[in-house]
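The values are calculated or read from the model by the stated rules, or taken from the named source; none is laboratory data. Please read these numbers as outputs of a predicted model, since none were measured by experiment. FYI the Cβ positions are ideal-geometry reconstructions off the backbone, even for glycines, and counts take in every protein chain you see.
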Amino acid sequence: MIREVILFSKSSRAKFIHPLLKLFFCLIAIALLGYSNSKLFFSLNIALFIILHLYYKTPSYMVTKFSMYLISFYLIAALAFLIGGDIQYLITITLRGAANSIAITFLIFTTPLDDILFVLSKHKNISEIIDIAKLMERYVILLEEELELMIKSAKSKGGFDSAKKSIRTTSTIAGMLFINTFNRWREIKDSINSRGYKGKLYYSELEVDNSIKINITILLLTILEITAFILTST
């Protein structure tokens, strides 16, 4: 799944927009959504990012799948309010989750991580941290592959045939993956230390469209986002 996200982001129509501009705009939107309780503001953001998704032709199936995963976390957190009979707050939580999910999916499906790391790697003070992030990307993919193999292996042995077996198998897989994560971290640390010189990892070259039209459009969208937040909060 992570590999699919990387491939889609690298072939996105919005790839040539400067990654920090997209990151800035999406983070502003997500931050404002976190501070707002306005259903109108949430609805406006959902509409805005749906339009952006359609315009840049992000994969609708993958966007919907990721959004539903993220929304489910919000719904699980809101179950307590449903038990208490606070339906309005449940609706607010659901709308906030939907708006945040669509904003996050727009960012990850249009902005390759390599592009962000390439820009940040030019700052010498954080170059080592960026190198670690670059290596982490690869190891996260490896961990995902290990998880897929574990699940397939467990299914072939009937590890999910009953509810009791499913719980036991899931906990076993989670424990093994947790241990493997620490092992991978040691490999990351060793690979950095073994370089023996102050070098740099390879980052894909970044091609961006620095047209004034795109920059002004993102600036206007950010201003509209802040204005809508202020107006709906009063």
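Quick notes
- Close contacts from region 211-234, counting a first residue that is in contact (Cβ under 8 Å) with a residue 12 or more places away in the chain and a second that is surrounded by fewer than 12 Cβ atoms within 10 Å (Cβ to Cβ), with Cβ to Cβ under 9 Å and a gap of 6+ residues or different chains, come to F229/Y35; S233/Y35.
- Count of residues meeting criterion [not aromatic (F, W, Y) and not in a helix (DSSP H, G or I)] in region 1-44: 11
- Filter result for I192 (at pLDDT below 80, touching an Asp or Glu at 6+ places or on another chain (Cβ under 7 Å) and farther than 19 Å from I116 by Cα): yes
- Matching residues in region 158-179 - criterion: being of a type in the set (D, E, K, R) and either part of a loop (DSSP other than H, G, I, E, B) or within 22 Å of V140 (Cβ to Cβ) (or both): D161
- Every residue from region 1-42 that is crowded, with 19+ Cβ neighbours inside 10 Å and in contact with a Pro (Cβ under 6 Å, 6 or more places away or on another chain): S9
- Of residues in region 110-135 being touching a Pro at 6+ places or on another chain (Cβ under 7 Å) and under 19 Å from A29 (Cα atoms), the one surrounded by the most Cβ atoms within 10 Å (Cβ to Cβ): T111
- For the criterion of being closer than 30 Å to R13 by Cβ and assigned by TED's automatic domain parsing to the domain that holds L27, A98 passes.
- Helices (runs of 4 or more DSSP H) contained entirely in region 62-121, each with at least 3 residues that are modelled with pLDDT of 90 or more: 87-110
- Check on K57, touching a helix residue (DSSP H, G or I) at 6+ places or on another chain (Cβ under 9 Å), of a type in the set (D, E, K, R) and in the same structural domain as I214 (by TED's automatic domain parsing): no
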